[in-house]
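Asks: Please see the structure below; I have some questions.
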Amino acid sequence: MFSLVSPQAEHLIVFDLEWNQSSYTPNHRMPHEIIEIGACRVNRDYQVTGTFSAVIRPRVYKKLDKHIRSVTGITEEELAQGRPFSDVFGEFIQWCGEDAQLCTWGRDDFPVLRRNAAFFMTPMPFEPPIDAQLVFAHACLHSAHQQMNLHNALETMQITVDVPAHRAVYDAQCTAALLASIDGAVRAMDDAQRAQLERTLLREKRIAASSLRSMPTRYVYQSDALADTRLMAVECPACGRRMAFDTPWFDGGREKYLALARCPQHGIAYCQMHFKRIPAGTLIMHQRVYAADEEQIADVREGYRLYQLIPPRKRHHRLSMEEQVKKAGTVQE
């Protein structure tokens, strides 16, 4: 039976992050820079047995975003007293211990942690966490699509935690306070509901382990970007090896591009991509690549088959990499 704490783990590490950013001069290798890590160690009875809290001195975004300052109460003076990310993260790894099972509220924190670790060239020993928000939606709200913020979830479950809001360790404590109720709701689910939850969590685990890539381009038009084979390349999320396309990039609708790519060692990956325009008028490319399941493989292949059946004159603004490369030739940035 599924449980928030696996049989192999003695405890959960519930963690939360606060991060800073810049809307005006973002670093596209690291759009969010962690400024605080907070965590609780929770035993198998969902009791908090220890806490971790540390402020990180920023290196990329040294000016604190006004919204972040307002929500968290963190000040630039406090950040100046913080320690470098690599030191804090190394200490956090040691505090968690070996084979730590992580838990978060929501899917955002772990990808940000992975990006920061990669940016600062710090080893990343953790597997993707359990998303307690997602489990709460399935088990307590009976809807996978009804995502509730942390403090509304506490109110719904009539749980009061006497800590300030929106500092990392306090949000971790609030998440920990919900775990016993969530676990009880999971145990009350029937077999079919629990099986659906486990399938959803497995997919979320693959998404959390995504290879993420953001890159500014010199292109104004998506057609030109799609013809750049270096820009369109994808890497295996498991080993980083460049993969060959099983299905080329094509517009799957609403300018969200889809593809399948194959790693000889790790199999087929599901690829998503979209473009955003910056004030200068050029495009930024955002990619997400993660291990595909059979359903996703079938969906993308069928989507590409249907795309090819549309007569070119009726495709309007829908584009594919294969067609643009043929039209323009290989373009290199």
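Asks: Could you go through the stretch 4-19 and let me know if any residue there is within 20 Å of the chain's Cα centre (by Cα) and over 27 Å from LEU197 (Cα atoms).
Replies: Yes.
Asks: Which one of PRO248, PRO237, PRO264 is surrounded by fewer than 18 Cβ atoms within 10 Å (Cβ to Cβ) and of a type outside the set (A, V, I, L, M, F, W, C)?
Replies: Answer to the selection: PRO264.
Asks: Mind checking which residues of the stretch 64-98 are within 14 Å of PHE52 (Cβ to Cβ), polar (S, T, N, Q) and in contact with a Phe, Trp or Tyr (Cβ under 6 Å, 6 or more places away or on another chain)?
Replies: None - no residue of the stretch 64-98 is within 14 Å of PHE52 (Cβ to Cβ), polar (S, T, N, Q) and in contact with a Phe, Trp or Tyr (Cβ under 6 Å, 6 or more places away or on another chain), so the list stays empty.
Asks: Is there any pair with a first residue in the stretch 284-298 that is buried (at least 19 other Cβ atoms within 10 Å of the Cβ) and a second that is among the acidic types (Asp, Glu) and part of a strand (DSSP E or B) whose Cβ atoms are under 8 Å apart and which are 6 or more apart or on different chains, and what are they?
Replies: If the second residue must be among the acidic types (Asp, Glu) and part of a strand (DSSP E or B), the pairs left are VAL289/GLU235.
Asks: Here is a check on your reading of the model: is ALA225 of a type outside the set (D, E, K, R), surrounded by fewer than 17 Cβ atoms within 10 Å (Cβ to Cβ), farther than 30 Å from LEU4 by Cβ and modelled with pLDDT of 95 or more? First the steps, then the outcome.
Replies: Values: of a type outside the set (D, E, K, R): yes; surrounded by fewer than 17 Cβ atoms within 10 Å (Cβ to Cβ): no; farther than 30 Å from LEU4 by Cβ: yes; modelled with pLDDT of 95 or more: yes.
Spelling it out, it is not the case that ALA225 is of a type outside the set (D, E, K, R), surrounded by fewer than 17 Cβ atoms within 10 Å (Cβ to Cβ), farther than 30 Å from LEU4 by Cβ and modelled with pLDDT of 95 or more.
Asks: I'd like the residue in the stretch 53-95 that is β-branched (Val, Ile, Thr) and loosely packed, with under 14 Cβ neighbours inside 10 Å and, out of all such residues, is modelled with the lowest pLDDT. Step through it out loud before you land on a result.
Replies: Of the residues in the stretch 53-95, the ones β-branched (Val, Ile, Thr) are 55-56, 60, 68, 71-72, 74-75, 88, 93.
Now restrict to residues that are loosely packed, with under 14 Cβ neighbours inside 10 Å: 71, 75.
Values: VAL71: 87, THR75: 90.
Step by step, filter the stretch 53-95, then rank; the result is VAL71.
Asks: Has the stretch 306-329 got at least one residue that is small (Gly, Ala, Ser) and closer than 28 Å to ALA208 by Cβ? Full working, then the answer.
Replies: Our first condition is that a residue be small (Gly, Ala, Ser); within the stretch 306-329, this holds for 320, 328-329.
Applying the additional criterion that residues be closer than 28 Å to ALA208 by Cβ yields none.
So far as the stretch 306-329 goes, no, none of its residues is small (Gly, Ala, Ser) and closer than 28 Å to ALA208 by Cβ.
Asks: Another one. If you go through the stretch 118-155, how many residues are more than 17 Å from VAL14 (Cβ to Cβ), of a type in the set (Phe, Trp, Tyr) and part of a loop (DSSP other than H, G, I, E, B)?
Replies: Qualifying residue count, the stretch 118-155: 1.
Asks: Follow-up question, since we're still on this one. Looking only at the stretch 138-147, which residues are touching a helix residue (DSSP H, G or I) at 6+ places or on another chain (Cβ under 7 Å) and without any contact (Cβ under 8 Å) to a residue 60 or more places away in the chain?
Replies: Across the stretch 138-147, the qualifying residues are ALA139, CYS140, SER143, ALA144, GLN146, GLN147.
Asks: Six or more apart or on different chains, Cβ under 8 Å: which pairs go from a residue in the stretch 156-179 that's assigned to a loop (DSSP other than H, G, I, E, B) to one that's of a type in the set (A, V, I, L, M)? Could you list them?
Replies: MET157/LEU178; ILE159/ALA177; ILE159/LEU178; THR160/LEU154; VAL161/LEU154; VAL161/ALA177; HIS166/VAL71; ARG167/ILE74
Asks: Hey, another quick one. Residues of the stretch 234-258 being among the hydrophobic types (A, V, I, L, M, F, W, C) and within 24 Å of PRO128 (Cβ to Cβ), which ones?
Replies: Residues satisfying the conditions are VAL234, CYS236, ALA238, CYS239, MET243, LEU258.
Asks: Can you tell which of ALA172, ALA209, ALA195, ALA165 is at pLDDT 95 or above and of a type in the set (Gly, Ala, Ser)?
Replies: Answer to the selection: ALA172.
Asks: Are there any pairs with C-beta distances below 7 angstrom linking a residue in the stretch 69-98 that is touching a residue at least 24 places away in the same chain (Cβ under 8 Å) to a residue that is in a helix (DSSP H, G or I) and of a type in the set (S, T, N, Q), with the two at least 6 apart or on different chains, and if so which?
Replies: PHE85/ASN116
The values are calculated or read from the model by the stated rules, or taken from the named source; none is laboratory data. Here the structure is a predicted model, which means the values were calculated and not measured. No Cβ is skipped: glycine too gets one built from the backbone with ideal geometry, and neighbour counts run over all protein chains shown.
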